[in-house]
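A short worksheet on the structure shown next.
What follows draws every value from the coordinates through simple rules; no lab data is involved. Model, not experiment: these values are computed from the prediction. Glycine gets a Cβ as well: all are built from the backbone with ideal geometry, and neighbour counts include every protein chain shown.
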Amino acid sequence: MFSNDSPIYLQLFQKLALDIVTGKYKAGEKIPSVRELSSIYKVNPNTVQKALNELEGVDLIYTERTNGKFVTSNKKKIDSYLQKMAKDKTVFYLNDMKNLGYSYKEIISIIERIK
Amino acid sequence: MLGKVLKYDLKALCRYLVPLYAVIFGLGIMTKLLSFFEKVSIINIILGLMIVALIFAVTFSFVLTGIFNIKHYLDNLFKDEGYLTHTLPVKRGTLLLSKVLASFITIVITFLVVIISLLIAFYQKGLFSDIIDLFNLDLGGLEFYKFMIYMMVYGLIGYLTTVLMVYASIAIGYSKNSNKLVSSVVWALIFYFGIEFLYLGVLGIVMFINPSFIASLEAESFLMIDLLNFFTIFMIFTCLLGLIFYYISYRFMDKKLNLE
Amino acid sequence: MLLEIKNVCKKYGKKEILKDINLSLPSGKIIGLLGKNGSGKTTLIKLINGLLSLDKGEILIDGNKVGVESKKIISYLPERNYLNVHKSVKDIIDYFGDFYENFDKDKAYKLLDNLDIKVGDKLSTMSKGMREKVELALVMSRKAKLYILDEPMGGVDPATRDYILDTILNNFNEGASILMSTHMISDIERVLDEVIFINDGKITRYDEADKLRKNSGKSIDEIFREDFKC
């Protein structure tokens with residue numbers, strides 16, 4: 001599931017962020033415990049903890065002292081993170097294409113054709 | 001913790017000892033059963049063979065008990081099983097003491113098994129009163145039973161010291177990086193001949209201090225008690241050797257353990 | 001620090017196996033002890049468990065020297081089948097229960113039940129791989145502070161590897177550390193917090209796994225191969 005050549009916690013963070021913005025874990029819903037996530041993704045609980053800290057850092061989840069971790073109920077935050085992800089991916093793609101020597105116009109015409 | 005360790009040591013030894021005891025009891029019972037038909041010549045021959053086998057088994061049972069204890073000591077502390085034994089939260093001294101106690105207990109049980117089996121095989125009416133008469137027999141100023149008890153204690157000490165000698169040899173041999181078994185055997189031989197030499201030395205010292213001693217053994221006025229006093233010197237000496245071997249085993253196991 | 005190793009040296013005859021090892025390992029981490037065969041991994045592990053005597057240096061486990069106290073809190077899986085094969089599974093569970101205060105019998109029975117092992121089964125009737133699983137289940141059923149697993153993935157098939165990794169992850173005591181040796185790095189590197197590289201009796205790296213990945217853009221396995229050109 002994860003590649004070994006970049007930090008595992010970042011990969012897990014991205015995977016969980018994707019699950020949240022795509023609605024696998026809905027707004028306000030409880031997410032699995034560290035142990036459960038560690039078992040699901042077969043990674044170290046500390047790695048899960050780190051990934052969750054990152055998620056908390058971008059306000060996608062919050063901790064309820066004794067009950068565990070929940071997806072934020074603020075849908076705006078989720079939406080804006082979704083947009084951020086879309087933007088990041090687009091920028092990444094554009095940079096790649098620019099490196100290949102394509103102009104914006106050419107890129108758009110390629111997209112039009114594939115669609 | 002000693003109780004727990006001892007429990008499992010005895011359990012492990014049972015695996016070897018139970019078949020041995022079964023054979024000894026079996027031979028004893030067979031001998032008795034066959035003796036009811038000893039008038040039939042063919043059965044008489046089998047009975048003869050049975051008695052020979054019983055005597056053979058009885059004689060070797062003590063040696064075998066020692067060998068089983070040594071094998072268990074080696075396997076449990078110095079082979080793969082040692083990976084578990086030595087990582088238990090138990091002191092090394094407790095592990096060793098348990099092995100020594102197990103040797104003591106098993107040799108006593110073997111002795112009892114042998115006695116009971118012989119009684120089964122050869123019991124006849126009046127046997128017990130004969131034995132009591134024999135025990136009360138005067139032996140140079142000492143009742144026979146006292147002499148027997150004395151010899152049994154001496155035998156037990158001698159047995160335990162021999163087992164401890166092998167324990168020490170193994171503890172040293174298995175602290176080496178290679179040829180562990182060979183160096184154990186070499187050390188056992190060194191100890192064995194060393195002891196023989198020391199006994200001769202002790203005998204020499206006794207002679208030197210009391211030159212008339214041997215003469216007194218042949219004299220008319222020979223008293224058993226004198227002979228026992230003479231043996232007592234050796235008994236104490238054997239005890240001392242046993243303690244030294246115990247200490248050697250302990251030191252090497254505690255400071256030089258080398259499992260691989 | 002949970003485990004402190006100071007200036008530890010070990011020789012076999014004239015051959016130096018460990019050369020001045022220094023390490024301080026914290027609680028709550030899964031730490032990989034990575035090295036090729038013969039690099040000194042097993043020797044170091046045996047020293048921590050008191051199966052070998054120390055030539056020089058000091059080893060402290062939770063502040064105690066190797067001894068009864070350290071053995072109470074270390075749960076150790078040797079690199080070989082070490083249980084008496086004449087015993088039944090029940091005998092061995094009783095044995096562990098008698099000697100280790102932190103052994104959880106119910107958990108052991110549950111783990112073995114998942115393997116479809118009956119308590120009356122004798123170890124001698126099981127395959128080597130099955131024995132390895134039983135041994136791992138017993139070791140992970142202790143609520144230890146430090147689990148030391150020597151080559152837990154040695155010589156088993158991929159399906160078994162998954163089982164072993166799952167069992168380790170799902171069962172280790174919270175707040176405890178795991179020190180795991182292996183030469184098959186790619187199989188386990190994703191569960192490691194920290195890695196120790198050992199080569200020819202010396203520690204050559206000790207760092208966080210994700211930090212090494214971030215700095216180099218490579219997997220631990222690749223970094224290891226580059227370090228030691230194997």
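Miscellaneous remarks
- Neighbours of residue C:150, meaning other residues whose beta-carbon lies under 12 angstrom from its beta-carbon, give a summed charge of -1 when Lys and Arg score +1 and Asp and Glu score -1.
- Under the span-like rule (Cα at least 15 Å along the axis, Kyte-Doolittle mean at least 0.0), DSSP H helices of chain C: C:89-99, C:128-140
- Subtracting the Cα-Cα distance of residue C:205 and residue C:174 from 0.36 nm times their residue separation leaves 8.5 nm of extension gain.
- Per residue, the convex hull around the alpha carbon atoms of the protein assembly as shown comes to 235 Å³.
- Checked against a 24 Å cut-off, the cross-linked pairs B:7/C:128; A:77/C:211; C:15/C:56 give Cα-Cα distances beyond that limit for B:7/C:128; A:77/C:211.
- Note on A:76, C:202: ascending count of other Cβ atoms within 10 Å places them as A:76, C:202, the fewest first.
- Computed from label points 7 Å out along Cα-Cβ, the spacing between residue B:91 and residue A:73 is 6.2 nm.
- Of B:144, B:191, B:36, the one that fluctuates the most in a GNM where chain B has Cα springs shorter than 10 Å: B:36
- Ordering C:86, B:72 from the fewest to the most neighbouring beta carbons within 10 Å gives C:86, B:72.
- Net charge, residue C:102 excluded, C-beta distance under 10 Å - Lys, Arg +1, Asp, Glu -1: +2
- Loop-located GluC sites (Glu not before Pro) across segment A:1-108 with a Cβ neighbour count of 16 or fewer within 10 Å are A:29, with loop assigned by DSSP.
- The helix-based estimate of mean residue ellipticity at 222 nm for chain B, built from -39,500 (n - 2.57) per DSSP H run of four or more residues and divided by its residue count, is -29000 deg cm²/dmol to the nearest 500.
- Most fluctuating residue given options C:127, C:24, C:219, as computed from a GNM of chain C linking Cα atoms under 10 Å: C:127
- Between segment C:1-60 and segment A:21-81, the alpha-carbon center distance in angstrom: 39 Å
- Inter-part distance where segment B:33-74 and segment B:142-207 are each reduced to a Cα centre, Å: 27 Å
- Summing charges over all other residues whose Cβ lies under 14 Å from the Cβ of residue A:48, with Lys and Arg as +1 and Asp and Glu as -1, gives 0.
- Helix-only arithmetic for chain A: the sum of -39500 (n - 2.57) across DSSP H runs with n ≥ 4, divided by the residue total, places the mean residue ellipticity at 222 nm at -20000 deg cm²/dmol.
- Ordered by the count of other Cβ atoms within 10 Å of each Cβ, fewest first, C:139, B:185, B:63 give B:63, B:185, C:139.
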